[in-house]
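Peer 1: There's a structure below that I have some questions on.
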Protein chains: 2
Amino acid sequence: MPIREAGADDWPRIWPFWHRIVAAGETYTWDPDTTEEAARALWMSPAKRVYVVEDETGDLVASAYLTPNYGGPGADIANAGFMVDPDRGGRGFGRALAGHILAAATAQGYRAMVFNAVVETNPAVQLWTSFGFTILGTVPDAFAHPRHGRVGLHIMYKAL
Amino acid sequence: MPIREAGADDWPRIWPFWHRIVAAGETYTWDPDTTEEAARALWMSPAKRVYVVEDETGDLVASAYLTPNYGGPGADIANAGFMVDPDRGGRGFGRALAGHILAAATAQGYRAMVFNAVVETNPAVQLWTSFGFTILGTVPDAFAHPRHGRVGLHIMYKAL
C-alpha cells in the first residue's frame with residue numbers, strides 16, 4: 001500500500017476520520033470539539049512531518065505525524081501520532097504505517113520514540129508492544145473515557 | 001515573600017534568568033538559543049497561568065507557569081514549570097513557589113500534576129520528591145547534558 005509524505009492538499013481527506021476519532025474522545029487528549037482549523041494546525045504543523053496511506057483504490061485511509069518529542073537537548077527523541085479511518089480498521093493499515101514511521105524516524109536520526117499519553121484501553125497498546133515498545137509508566141486515572149470512566153495514560157518507549 | 005500572578009509587564013524581569021537557565025542547557029528541553037520573542041510566547045502563553053516571586057527588595061527572583069498537561073479528556077491533569085534566578089538559589093524561593101503552585105492547582109480543580117521531562121541530574125528531583133511526587137518512569141538517555149553526557153528524563157507525578 002502506498003505510504004507517502006502528505007501535502008497540504010491531503011488535509012481535507014484526513015479531517016473526516018480525524019474529526020470522528022477525536023470527537024469520540026476515547027484515544028486522544030485533544031478537545032473532542034476541536035475545529036477543523038485547529039485540527040489542521042495541530043496535525044499539519046510545520047514542526048511535524050506528516051504521512052498518509054492510500055488503499056488500492058486511492059482512498060486516503062490513515063495518517064501519522066513524526067516530530068521531536070522534546071526540544072533542545074532532547075530533540076533526538078521522536079514522538080508520533082497515528083490515525084486510521086475507523087471504517088478501514090483491521091486491514092493492516094495501522095501496522096504498515098507504524099513500521100514506515102519507525103523506519104523514517106530511524107533514518108532521520110532519532111534515537112528513540114516516546115508516546116506521552118496512550119490511553120490504556122486503546123487497542124493500539126498491543127500494536128505498540130508488538131513493535132517492541134515498553135510501558136515506562138502510567139499516569140493513573142488521567143483520562144476521562146466516555147465508556148470506561150477514568151483510565152490511565154501510558155508513557156510508551158522504544159529505542160531506535 | 002510575595003507570590004502573585006504575573007502580568008505582561010513582568011516578562012522583562014523574567015527573561016534574564018529564563019535565558020540564563022535555558023542557555024545553560026542543563027534542565028529544560030528547550031532550545032538553548034531560544035530567542036526572547038519565542039521564550040515569551042512559550043512562558044507567557046495564553047494557555048498558561050504564570051506566577052512570580054519577589055524578594056523583600058522587590059526583585060523578581062522566580063517564576064512558574066501552571067497549565068493543563070493534556071487537552072480534552074485529560075485536561076484536569078496539570079503541568080507546571082519553575083525557574084529560580086540562579087543568583088538567588090538556596091533561599092527557599094523555589095520551595096515556596098512550588099507550594100504555592102500546588103495549592104493553586106488544587107484550588108483550580110486539577111486532580112494531579114505531571115512533569116513530563118525532569119532531567120534526572122536536576123536537583124529539583126529531590127525537591128519534587130519532598131513534595132510527594134513519585135517518578136512514574138524514566139526515558140533513558142533522552143537528554144544531552146553539557147557536563148554529564150546523556151541522562152534520562154523522569155516523568156514525575158503527584159495526585160492533588
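Peer 1: List every residue pair whose Cβ atoms sit under 7 Å apart, with the two residues 6 or more apart in sequence or on different chains, where the first one lies in the stretch B:142-160 and is without any contact (Cβ under 8 Å) to a residue 40 or more places away in the chain and the second, anywhere, is among the acidic types (Asp, Glu) and open to solvent by 10 Å² or more (accessible area, probe 1.4 Å).
Peer 2: Short answer, once both residue conditions are applied: B:Arg150/B:Asp141; B:Val151/B:Glu120; B:Gly152/B:Glu120; B:Gly152/B:Asp141; B:His154/B:Glu120.
Peer 1: Additional query: Restricting to the stretch A:123-159, give me the number of residues that are open to solvent by 30 Å² or more (accessible area, probe 1.4 Å) and under 17 Å from the mean Cα position of the chain (by Cα).
Peer 2: Adding up the residues that qualify gives 11.
Peer 1: I need the full set of residues from the stretch B:1-15 which are touching a residue at least 40 places away in the same chain (Cβ under 8 Å) and not in a strand (DSSP E or B), in order please. Please lay out each step first, then the result.
Peer 2: From the stretch B:1-15, those touching a residue at least 40 places away in the same chain (Cβ under 8 Å) are B:1-6, B:10, B:13-14; that's our starting set.
Of everything in the stretch B:1-15, those that are touching a residue at least 40 places away in the same chain (Cβ under 8 Å) and not in a strand (DSSP E or B) turn out to be B:Met1, B:Pro2, B:Ala6, B:Asp10, B:Arg13, B:Ile14.
Peer 1: Inside the stretch B:1-58, can you point out the residues that are among the β-branched types (Val, Ile, Thr), within 14 Å of chain A (Cβ to nearest Cβ), touching a strand residue (DSSP E or B) at 6+ places or on another chain (Cβ under 7 Å) and closer than 21 Å to B:Arg88 by Cβ?
Peer 2: Correct list: B:Ile21, B:Thr27.
Peer 1: Sticking with this structure for a sec: Can you run down the residue pairs with Cβ atoms below 6 Å, 6 or more apart or on separate chains, where the first is in the stretch B:70-85 and at pLDDT 95 or above and the partner is of a type in the set (A, V, I, L, M) and part of a helix (DSSP H, G or I)?
Peer 2: Listed pairs, sorted by first residue: B:Ala78/B:Ala105; B:Ala80/B:Ile101; B:Met83/B:Ile21.
Peer 1: Okay, moving on. Quick one: how many residues across the stretch A:61-78 are surrounded by 20 or more Cβ atoms within 10 Å (Cβ to Cβ) and outside any loop (DSSP other than H, G, I, E, B)?
Peer 2: Qualifying residue count, the stretch A:61-78: 10.
Peer 1: From the list B:Gly81, B:Gly94, which one is within 16 Å of the chain's Cα centre (by Cα) and in a helix (DSSP H, G or I)? Spell out how you get there, then give the answer.
Peer 2: Values: B:Gly81 fails: in a helix (DSSP H, G or I).
B:Gly94 is the lone residue from the list that is within 16 Å of the chain's Cα centre (by Cα) and in a helix (DSSP H, G or I).
Peer 1: Would you point out which residue out of B:Leu97, B:Leu102 is more than 14 Å from every other protein chain (Cβ to nearest Cβ) and open to solvent by less than 10 Å² (accessible area, probe 1.4 Å)? Spell out the reasoning first.
Peer 2: Values: B:Leu102 fails: open to solvent by less than 10 Å² (accessible area, probe 1.4 Å).
Only one candidate qualifies: B:Leu97.
Peer 1: Consider B:Glu26 carefully, then state whether it is assigned to a loop (DSSP other than H, G, I, E, B), touching a residue at least 60 places away in the same chain (Cβ under 8 Å), acidic (Asp, Glu) and open to solvent by 20 Å² or more (accessible area, probe 1.4 Å).
Peer 2: Answer is yes for this residue.
Peer 1: With the structure loaded, tell me whether A:Leu136 is out of contact with any helix residue (DSSP H, G or I) (no Cβ under 7 Å at 6 or more places or on another chain) and more than 14 Å from chain B (Cβ to nearest Cβ) or whether it fails that test. Quick ask: steps written out before the conclusion?
Peer 2: Numbers: out of contact with any helix residue (DSSP H, G or I) (no Cβ under 7 Å at 6 or more places or on another chain): yes; more than 14 Å from chain B (Cβ to nearest Cβ): no.
Judged against the criteria, A:Leu136 is not a match.
Peer 1: Of everything in the stretch B:105-114, what is open to solvent by 10 Å² or more (accessible area, probe 1.4 Å), more than 8 Å from chain A (Cβ to nearest Cβ) and in contact (Cβ under 8 Å) with a residue 12 or more places away in the chain? Give them in sequence order.
Peer 2: Of everything in the stretch B:105-114, those that are open to solvent by 10 Å² or more (accessible area, probe 1.4 Å), more than 8 Å from chain A (Cβ to nearest Cβ) and in contact (Cβ under 8 Å) with a residue 12 or more places away in the chain turn out to be B:Thr106, B:Gln108, B:Gly109, B:Tyr110.
The values are calculated or read from the model by the stated rules, or taken from the named source; none is laboratory data. Keep in mind it's a predicted model, so treat the numbers as computed, not measured. With ideal geometry, Cβ positions are generated from the backbone for all residues, glycine too; neighbour counts draw on all protein chains shown. The protein model used for the area step is the full one, side chains on, heavy atoms only, and it has no ligands, DNA or RNA in it. Shrake-Rupley method; radii C 1.70, N 1.55, O 1.52, S 1.80 Å.
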